[in-house]
Amino acid sequence: MPIEVTRDVVEAMQHAAAAAHPREACGILTGEGARITGFVETRNVHPTPETHFEIDPQALIDAHRDAREGGPQVLGYFHSHPEGAAEPSKTDIAMAAQDGMVWAIATSREIRLFRAGEGGFEWLCTHALEG
């Protein structure tokens, strides 16, 4: 299924990645169906945020609670690769639940979206960044 991401979400992810550099930024993607309309920037609570990310567990709990109460659904996750490519790393592949969630990975030049499934990560789309 194709995925759609609003311009505001792409810009918010780009800003989060730039602001966190040289650490990895992270966040939660929200929306309905195949349309990502929201981005919740979260703290990266991993002990080595320069090379890894871990979304603040309380932010995940809050996002899922909001969804259960009628808010936007949690559709996926975002993180940046400050010095790497906008593709899943070996760590990303090992840590991903094969649950169909969207993963957005940003560099300074692009944001790529993937779906985490039983066969690994499936590329969905790429957003080239200006600047």
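Out of the residues in the range 97-109 that are open to solvent by less than 40 Å² (accessible area, probe 1.4 Å) and more than 11 Å from the chain's Cα centre (by Cα), which is modelled with the highest pLDDT?
Per the criteria, the residue is 107.
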Next on the checklist: One residue is enough: does the range 79-97 have a residue meeting the conditions in contact with a helix residue (DSSP H, G or I) (Cβ under 9 Å, 6 or more places away or on another chain) and within 16 Å of residue 9 (Cα to Cα)?
Outcome noted: yes
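Given the criteria small (Gly, Ala, Ser) and in contact (Cβ under 8 Å) with a residue 12 or more places away in the chain, does residue 80 qualify? Explain how you work it out, then say what you get.
Working: small (Gly, Ala, Ser): yes; in contact (Cβ under 8 Å) with a residue 12 or more places away in the chain: yes.
Criteria met by residue 80.
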Checklist entry - Which one of 87, 110 is of a type in the set (Asp, Glu), farther than 23 Å from residue 45 by Cα and touching a strand residue (DSSP E or B) at 6+ places or on another chain (Cβ under 7 Å)? => result 110
Next on the checklist: Of all residues being farther than 17 Å from residue 8 by Cα and of a type in the set (D, E, K, R) in the range 110-119, which is surrounded by the most Cβ atoms within 10 Å (Cβ to Cβ)? Just the residue, please.
Outcome noted: 115
Checklist outcome for this item: Residue set 105, 93; condition over 21 Å from residue 4 (Cα atoms) and either of a type in the set (D, E, K, R) or without any contact (Cβ under 8 Å) to a residue 60 or more places away in the chain (or both); output residue 93
Next on the checklist: Return the pair list, or none, for Cβ contacts closer than 6 Å from residues in the range 44-61 that are over 17 Å from residue 92 (Cα atoms) to residues that are modelled with pLDDT of 95 or more, at least 6 apart or on different chains.
Outcome noted: 59/42
Checklist entry - Does residue 123 satisfy the criteria of being part of a strand (DSSP E or B) and buried (at least 18 other Cβ atoms within 10 Å of the Cβ)? => result no
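The values are calculated or read from the model by the stated rules, or taken from the named source; none is laboratory data. Small disclaimer: the values here were computed from a predicted structure and weren't measured. Virtual Cβ from ideal backbone geometry, glycine too; neighbours counted across all protein chains shown. Calculation scope for accessible area: heavy atoms of the full protein, side chains included, ligands and nucleic acids excluded. Shrake-Rupley method; radii C 1.70, N 1.55, O 1.52, S 1.80 Å.
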